[in-house]
Structure formats: C-alpha cells, structure tokens
1. Whenever you get a sec, compute what percent of the accessible area on the range 61-191 sits on carbon and sulfur atoms (1.4 Å probe).
2. Just to be sure I follow the definition: excluding the sites themselves, where is the longest run in the chain that has none of the GluC sites (Glu not before Pro) in a DSSP loop with at most 16 other Cβ atoms within 10 Å?
3. Give the residues of the range 214-251 whose amide nitrogen is closer than 20 Å to a point set 7 Å from the Cα of TRP42 in the direction of its Cβ.
4. Which net charge results for the neighbourhood of ASP14, defined as the other residues with beta-carbon distances under 13 angstrom from its beta-carbon, given Lys and Arg at +1 and Asp and Glu at -1?
5. Taking amide H atoms as placed 1.01 Å from N in the peptide plane, list the residues 5 or more away in sequence, or in a different chain, whose amide H sits under 5 Å from that of VAL168.
6. With the other protein chains left in place, how much accessible area per residue, in square angstrom, belongs to the chain at a 1.4 angstrom probe?
7. Using just the helices of the chain, give the 222 nm mean residue ellipticity in deg cm²/dmol: DSSP H runs with n ≥ 4 each add -39,500 (n - 2.57), and the total is spread over all residues, rounded to 500.
8. Evaluate the distance, in nm, between pseudo-label points positioned 7 Å from the Cα of GLU252 and of ARG231 along their respective Cα→Cβ axes.
Amino acid sequence: MSTPPPTGPLVTRDTLRTQLGELGVRPGETLLVHSSLSSLGWVNGGAVAVVRGLLDALGPEGTLVVPTQTGDLSDPVLWRKPPVPPQWWAAIRATMPAYDPRITPARGVGVVPETVRTWPGALRSAHPQTSFAAVGPRAAEVTEGHAPDCRLGEHSPLATLEATGARVLLLGAGYASCTSFHLAEYRIPSPRVAVGRPGPEGWETVTEVSISSDRFDELGYDFERDRPVVRGKVGAAEARLFPVADAVAYAERWLAVHRPREEEFPHPPV
C-alpha cells in the first residue's frame, strides 16, 4: 500500500518570516516562543527552518527565547509516562546524571526548543528542571541569574522577560504551555513542596513553590476575551501574540479567584 502524500500547507523559512511579520512580530523585540512543529503543516527543513524563520522575523537585534525544561530530572516516584518499578527508585536517584546546561537535552517541550538549545551562540539558564535557552543580543540578560530554588518565579528568566517588555508567541501551542502564567503563582498564596532532583554532589531536595498548569486553558480563554491578544495563522498553526506582563498580571487576579490553592494539588506526573 503506497504512502499517501503529505497534506499542506507547504511551509518554508520565507513563509514563516513573512507570516510572523504579518502577525505582528517586530524586528528587535524579545520573544518567548512556545511551539508545536507538527501544527505548522509540512515544513521544508523542519525545526531548523522554523528557528531560522523566527530569527529572520526578529532580525539581528531581536532575541529568541524558548523553554528547555528537563522534567525527567526528578524523583522517579512521580513518574507516570511511563512509571518505573519501585525497586528501581533508589538506584535511579543514586545514578541519575546531574543537569549540565551544555549537554542535557530538553524534554517534553518539542523539537524547536531543542534546536534552539543547540544553536550557535545559544545560552541556557542554570535551573536543573525549568531552564530557558536564548539566542540574540539579550540572551545573557535573559538567562543569567536563574536561581536553583526558583523554577519559574522572581529569580527566573520569566521575571526578566516581564520587566523588559518581552512578548509571548504561542505557535500552535495552547495556553496550557504558557509558562508566563506560572510567574503569577509566585505572587499569590501558593503551597510549597519538596522537590527532589540530582545535584552536583548527589541527590538533593529543595523547597519550592508548587506550580501547576491545572485550568490554564480556561485562564487563557478568559485572558484573550478580556485583553488584547493578537491572533492569526502561521502555516496551518493557530498563533497568539501578547506581552508577558499582561499575561502575568491577568493570571494573578484570575488564579486568586478561580483556583485558590489552600490545599496542595498533586505534583504533576512526569
């Protein structure tokens, strides 16, 4: 049986540059991108073409930022996709390699962030579970100072992006992927949890603000109903463009009302 031909649209680097500009991406800005390569259509050149198209739209003075999270550097007791036998847990904790921003691959955020992570000149923040990578003139400013006990809060790249007027591009990704909403969790009453992970000296546990993307899709629906969110198409993908600061400010109010967290949510499975 023959393989059916791919369905369109055909997307190229030039397609991406043009359509991102039409959407409103501005040369010289700093852009935090959450993406889904498969949503774009048939991309000639795959993730490399997407990154080149984004950098073309931003120009030489712009900075591209992506999440390069490593949720697998966590306690195996939490793993669900797939789980591992309990009798393995101790050995996994004892032998799991520590985070190295130069070589530890991103996990669960798609192929575009992993491509950015390995791009010439890319810099990556230091948090062993929730790092960000950046390419461009402001890459060092965005990625430096990511505290080891602050996944997505005031001492993470998100706070820098907010303060410097960066915008978010959801490129085929939904609001459940919007890391900017997590910064709001650090500014409202939120539980704290013990987070296990491999460290330079062996297994370590730190106390952190508990983060959860529970109901972020609902939050995003209300956000774009009430705030100016630019919507359009890039390839076949739905795209949304908005300031980090707007998303954080709206989420602070929304989460306090619609998702108060007096009780601890279960830690999201890995």
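1. In the range 61-191, the share of accessible area belonging to carbon and sulfur is 59 percent.
2. Longest site-free region, per DSSP loop and neighbour criteria: 62-143.
3. In the range 214-251, the label zone of TRP42 (backbone N under 20 Å from the point 7 Å along Cα→Cβ) covers 234-238.
4. Neighbour charge sum, excluding ASP14 itself: +1.
5. Excluding prolines and chain starts, which carry no amide H, the hits are LEU32, PHE242, VAL244.
6. That works out to 47 Å² for each residue.
7. -8500 deg cm²/dmol
8. A separation of 2.7 nm, rounded to one decimal place.
The values are calculated or read from the model by the stated rules, or taken from the named source; none is laboratory data. Predicted model only: the values in this text are computed from it and were never measured. Cβ atoms come from the backbone with ideal geometry, glycine included; neighbour counts cover every protein chain shown. In case anyone asks, the SASA skips ligands and DNA or RNA and just uses the protein heavy atoms, side chains included. Shrake-Rupley method; radii C 1.70, N 1.55, O 1.52, S 1.80 Å.
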